[in-house]
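Remarks on the structure that follows.
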Amino acid sequence: MLFDFVLLDKLRAVRHIAVFTGAGVSAESGIPTFRDAQTGLWANYRAEDLATPDAFRRDPITVWNWYAWRRELMRDAQPNPAHLAIAQLQRLVARVSVITQNVDGLHLRAGSREVIELHGNIWNNLCSQCSQPAHRIEGAQEVQTRCTHCGGRLRPGVVWFGEALPAAAWARAAEVLEAADVFFCIGTSSLVEPAASLPRHARSCGRTVIQINPEATSHDEIAQYVLRGKAGQVLPELLQAAWPQNS
Ligand code: BJW
Ligand code: ZN
């Protein structure tokens, strides 16, 4: 891919990059996205049966089975060239902050150090009644394990529809996008609020917004640069073009 020289110069001069990611960044690790037409999770499962507090109250076993299946997929998955390129940016730029909607932990496994998880982490458990974090007990079935504080059912530590995002993560994300010079928006359909407001906010703060996605999204309109392609291909090429000696 050919990149705009102004963009490459800007990247070389930049001191703080914010990288906002969605499920598309993990697609090349074999983890299904949510909304891709054939392969997306929501093409095959109903979100309202699996990813809402009501669904969990109605049928915790079905919800836990679905999360246990996804944990298995994620446990076997490896960081792909997109995660690795984002981690590699840390050697090229003074500060790199990753703000992710993904719950798979692959940015941390790839070596990114500053990772803000807006929708939680699938490996965490917490109590569905008192929200206290609960340790995983190896070999135990979470659905049968009760909270040691209040006896409530354990649930996965992710953010379901209708739930507020973790306040500390949301506050950190807002701070980061105001401090960063450049804001990458990678592999997200930008349909889920309030996370989808971050690129709009970055643009209204005067940041350079760079979109990477094989498909068009509503955020193409606010991005100064739209790089059409898979993150695992575009990102390594972009690093190579901007820092040919070091990447
Ligand atoms: C590639 C690629 C490759 C493919 N390379 N790219 C207006 C304002 C505020 C809220 C709302 C609102 N309107 C509606 C709402 C409610 C709702 C919402 O947004 N609904 C919309 C769907 C209509 N939002 C909420 O409920 C949120 N909470 C909330 O608003 O709380 C308010 C509140 C305040 C105070 C008290 C109480 C409540 C919570 C949203 C939680 C979302 N949860 C999920 C599940 C997480 C757990 C789990 O994993 O099981 O999060 S849903 C799912 O969508 C998941 C994702 O993080 C999220 C975003 O999806 P993402 O990452 O964009 O994936 P896709 O599949 O949509 O897109 C993939 C993209 O990748 C595509 O563009 C592809 O082209 C691309 N791609 N291959 C690069 N190789
Ligand atoms: Zn509890």
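Residues of region 30-80 being within 16 Å of ligand 2 (Cβ to nearest atom) and of a type outside the set (D, E, K, R), which ones? Explain how you work it out, then say what you get.
Step one: of region 30-80, the residues within 16 Å of ligand 2 (Cβ to nearest atom) are 53, 56-57, 60.
53, 56, 60, listed by residue number.
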Q: Could you list, in sequence order, all residues of region 99-132 that are among the aromatic types (Phe, Trp, Tyr) and free of Cβ contacts under 8 Å to residues at least 24 places away in the same chain?
A: none
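Yes/no per residue for (1) under 30 Å from residue 127 (Cα atoms); (2) within 13 Å of ligand 1 (Cβ to nearest atom):
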position: 152; (1), (2): yes, no
position: 169; (1), (2): yes, yes
position: 191; (1), (2): yes, yes
position: 213; (1), (2): no, yes
position: 228; (1), (2): no, yes
position: 231; (1), (2): no, yes
**Q.** Hits in region 218-244 - residues which are more than 15 Å from residue 183 (Cβ to Cβ) and free of Cβ contacts under 8 Å to residues at least 60 places away in the same chain
**A.** 218, 228, 240, 244
(Q) Please verify whether residue 116 is β-branched (Val, Ile, Thr) and either at pLDDT below 95 or within 16 Å of ligand 2 (Cβ to nearest atom) (or both), treating the condition exactly as stated. (A) no
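Limited to region 182-198, what total is found for residues that are within 14 Å of residue 231 (Cβ to Cβ) and surrounded by fewer than 22 Cβ atoms within 10 Å (Cβ to Cβ)? Write out each step before concluding.
As a first pass, look at region 182-198 and keep what is within 14 Å of residue 231 (Cβ to Cβ): 184-189.
Checking the rest, the ones that are also surrounded by fewer than 22 Cβ atoms within 10 Å (Cβ to Cβ) come to 189.
Total satisfying the criteria: 1.
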Q. Yes or no: residue 20 aromatic (Phe, Trp, Tyr), at pLDDT 95 or above and not in a loop (DSSP other than H, G, I, E, B)?
A. yes
Q: Report yes if some residue within region 133-142 is under 19 Å from residue 63 (Cα atoms), surrounded by fewer than 15 Cβ atoms within 10 Å (Cβ to Cβ), more than 16 Å from ligand 2 (Cβ to nearest atom) and at pLDDT 95 or above; otherwise report no.
A: no
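The values are calculated or read from the model by the stated rules, or taken from the named source; none is laboratory data. This one's a predicted model, so the numbers in the text were calculated from it and none came from an experiment. Because the Cβ atoms are built from the backbone with ideal geometry, glycine has one as well, and the counts that use them run over all protein chains shown.
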